[in-house]
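Any read-out appearing in this document is the output of simple, stated calculations on the displayed coordinates, not a laboratory observation. This one's a predicted model, so the numbers in the text were calculated from it and none came from an experiment.
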Amino acid sequence: MTTGEILWALRADCPIPPPRLSPHADQVQEWLLGVLPTLDLPLDDTALHRLSRGAFARYAGRLYPAATEADLRVLTALFTWFFLVDDACDGPDRLTPEQIRALRDGTLALLHDGPRARHAGLTGPLRQLLVLAWREPHQRMPAWWRLRVAKAVARHLDGTRQEALNKETGHRPAVSEYVELRRATSAAEVSYPLVEFAGGRPLPDPVYHHPLLREIAQVGNDLLSWYNDLASLERDRATAGGHNLVLALEGELAVSSAEAVELAAGRWRDSMRRFVGLRAVVPSFGPALDGAVSDHLDGIAYAVRGTIDWTVESARYPAATVQRASGA
């Protein structure tokens, strides 16, 4: 099977029902495309067209289908910020590890202290976009929730910096090392507390960090990350320096690319079975919390299935969209 065929087979076998798409998604996408040129981003018509076809509002609209239109604008702006950072850290003129460290420090200053915070590591259009995205959460959400988001963003940017260091030194991670690093670079851990922003029911720390809920979140992270690795394999082969599950399996096990793709797909299926089993044994946390816990778990599931469905829709991943165009 080709990689595209495997992507569609995994999607067909996914037991998580597709979340409904937010009714505001397309309108928010139009809003985003109107806002981006005002932020002085270095976007020509080609780049704007690429962002349009990336359909980031439809991605956010799958993960947070019940968000209000105003909140979906916030979430879409945050998603776009992370994708722009990802592109800045992964392209031919990518940021150096030192620049990523400065970006991390500047980002955390803004997340902790609010949109008025200034730091040399975060300037220009990226700062303007994050200010736009963070103003409402910073005003509306409690300080301990904002700290939860900031910690997740720090872990993501620390992982991104480590990947950049690996590329700079030519270090290609082994499978276990890669899997742990990928959990940071995926930004899934940032998407989870945003469920609480969209739903308005933040979980207290002892529940949010309950071992079973953390395990479910980690497996969900693996599922969406590995699916993305399959979708971006050909691009990653040229630019990622071995930072892709398939490439890590190839290098460690000395197998062909086709065999490594099958092994990655097998890992994904095993983890999906584990995900379903873990969700089935979540206990009650009491009537005051069970609704928020259910929202949290649904949000993790939406992140997995929403990533799958957005991947086969978005022009960002040709391996999946080519397969769709061929009639799969």
Relative contact order of the stretch 20-159, pairs being alpha-carbon contacts under 8 Å that are 6 or more residues apart, as %: 24
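Over the chain, what is the relative contact order in whole percent, taking alpha-carbon pairs under 8 Å and six or more residues apart? Show your work: numbers first, answer last.
Details: 402 pairs, mean separation 79.1, N = 328.
Across the chain, relative contact order equals 24 percent.
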Coarse-grained scattering of the stretch 207-290 at q = 0.13, 0.20, 0.22, 0.23 Å⁻¹, given as base-10 log I(q)/I(0) from a Debye sum over alpha-carbon atoms: -0.52, -0.88, -0.98, -1.03
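Hull surface divided by four, with the convex hull built on the Cα atoms of the stretch 164-230: how many nm²?
On the way: hull surface 22.9 nm².
Quarter of the Cα hull surface area: 5.7 nm².
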Principal axes of the stretch 68-167: Cα extent on each, largest first, Å: 39, 24, 21
Kirkwood Rh, Cα atoms: Rg over Rh of the stretch 1-112: 1.03
Three principal axis lengths of the stretch 3-325 [C-alpha, angstrom, descending]: 52, 50, 37
The stretch 254-320: mean projected area of Cα convex hull, nm²: 6.3
